[in-house]
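We did not get these values from a lab; they are worked out from the coordinates using the rules stated. Only a predicted model underlies this, so the values are computations on that prediction, with no experimental measurement involved. With ideal geometry, Cβ positions are generated from the backbone for all residues, glycine too; neighbour counts draw on all protein chains shown.
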Amino acid sequence: VHPVPLQSVVPDAGDPIVVGFSQLGSESKWREANTASIVEAAKEAGIQLHLQNAEQSQKRQFAAIRSFVAQQVDVIVIAPVIQTGWDAILQEVKQAGIPVIMLDRAVEVTDSSLYVTLIGPDFYEEGVKAAKYVIDKMRNHEGPVRIAELAGTVGSTPSIDRGRGFRDTIASQTDLVIAQSMPADFTTTQGEVVMSQFLSGPKEQWPDVLFAHNDDMAIGALKAIEQAGLKPGEDIIIVSVDGTRKAFEQMVAGKINAVVECNPLLGPQLVQAVSEIMAGRMLPKRMVPPEDIFTQEMAASELESRKY
Ligand code: GYE
């Protein structure tokens, strides 16, 4: 696949490319950065973007998608809140002849021709990275090591895959046990609520490690941990996912121990994919942005260059 200069597909005069984008919500800093990246990249490329925020409701996503079909947009982009339940609506879009790009999260469909490509991170690998960090960090800790997990939105790909990647990786370590696991919907508010539930039992049941499926929930959990009279980052080792500036600040403060990066800045890649489709070119079925892991030691020097 050869990249094409955007000018060649976005004519100076005449009709601009029209894209309908069903964004799943605005639940986290990651999501805000993701939306901003797409709005900005579309603007730069002269693409007319119709953006609808579904506030974490699949039904609202269906309504948005149907409105894009009615408007006969050129391309529909979907960041799906959960994995399942997409077959029928994607068939409708296919019948209307509109190409679909899946962004960020994946869908489980019986017919893979229902979308052109998925541009999104490898969530399973993120879970693996988080687990490897925990295994290494706790190697001298006398077992059993109790792990609490703040999971994301139930049925969403990042929550399912991060959870699987983490579990598969710790499976061989008999000392490491996931003692508590609950969803907290990827929000700071829920992160705090659920973490205080984790800490409501007797002290022997408190966790040694917290694995949060995103930074926002980890940041919410910090409050609950401090409320219980514990030192986050010391009494409870904390690893989360995303790599937001806010999480980096907490790493510098010593309260979060490690953050697995998940890149939300998908705008440029998305715009590129839209122009390839409009130019009639083929795209790979899956495009994965590169990602890293950061620990407290690197946090201070990296903080300034964080873009989200
Ligand atoms: O990790 C979380 C957001 O789907 C990768 O959704 C995204 C996740 C991200 O709410 O912060």
Residues whose placed amide H lies under 5 Å from that of C262, excluding near-sequence neighbours
D242, G243
Please check which bits of region 272-308 a label hung off E44 would reach, taking the label as a point 7 Å along Cα-to-C-beta and the cut-off as backbone N under 17 Å.
272-276, 289-290, 306-308
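Rounded to the nearest 20 Debye, what is the dipole magnitude of the chain about its Cα centre when Lys and Arg each give +1 and Asp and Glu each give -1 at the C-beta?
About 320 debye.
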Average Cα contact separation per residue, region 80-147, under 8 Å, 6 or more apart, as relative contact order %:
28
Rounded to the nearest 5, what % of the DSSP beta bridges within the chain are antiparallel ones?
5
At 222 nm, what helix-only mean residue ellipticity would the chain give, in deg cm²/dmol to the nearest 500, using -39500 (n - 2.57) for each DSSP H run of four or more?
-12000 deg cm²/dmol
What list do you get for M217, M278 if you sort them by fewest beta carbons within 10 Å?
M278, M217
Of all trypsin sites (Lys or Arg not before Pro) in region 127-189, which ones are in loop regions per DSSP and have a Cβ with at most 10 other Cβ atoms within 10 Å?
R139
5 Å is the cut-off here: which amide hydrogens, built 1.01 Å from N in the peptide plane, fall below it relative to M287, excluding neighbours closer than 5 in sequence?
L118, I119, G120
So which aspartates and glutamates pass the test for K137, namely a Cα distance under 15 Å, with those fewer than 8 places away in the same chain ruled out?
D175, D208, E234, D235, E297
Check which residues have an amide H placed less than 5 Å from A106's amide H, if you skip close sequence neighbours.
T157
Surpassing 28 Å at the alpha-carbon level, of the pairs K94/K307; K129/K307; K203/K255; K29/K94, are K94/K307; K29/K94
Treat the count of other C-beta atoms within 10 Å as a stand-in for reagent exposure and order V252, V134 from fewest to most.
V252, V134
I need to check one value: relative contact order of region 242-298, counting alpha carbon pairs closer than 8 Å and at least 6 residues apart, in percent.
46
Show me, for region 104-121, the HN-Hα J-couplings you get by feeding each phi into the Karplus relation (A = 6.51, B = -1.76, C = 1.60, θ = phi - 60°), rounded to Hz, glycine and proline as x.
6, 9, 9, 10, 9, 10, 6, 10, 6, 6, 6, 9, 7, 8, 10, 9, x, x
Length released on extending from A70 to D136, taking residue separation times 0.36 nm less the Cα-Cα span:
18.4 nm
Which value, in Å to one decimal place, does the Kirkwood hydrodynamic radius take for the chain when every pair of different Cα atoms is included?
20.3
Using each residue's phi in region 48-54, evaluate 6.51 cos²θ - 1.76 cosθ + 1.60 at θ = phi - 60° and report the 3J(HN,Hα) Karplus result to the nearest Hz, with x for Gly and Pro.
8, 10, 9, 10, 10, 9, 8
For A36 and D175, calculate 0.36 nm times their separation in residues minus their Cα-Cα distance, and state this gained length in nm to one decimal.
45.8 nm
Note: K94 to E297 extended length (0.36 nm per residue) minus current alpha-carbon separation gives 68.2 nm
For region 47-125, what relative contact order do you get, as a whole percent, if you take Cα pairs closer than 8 Å and at least 6 residues apart?
26
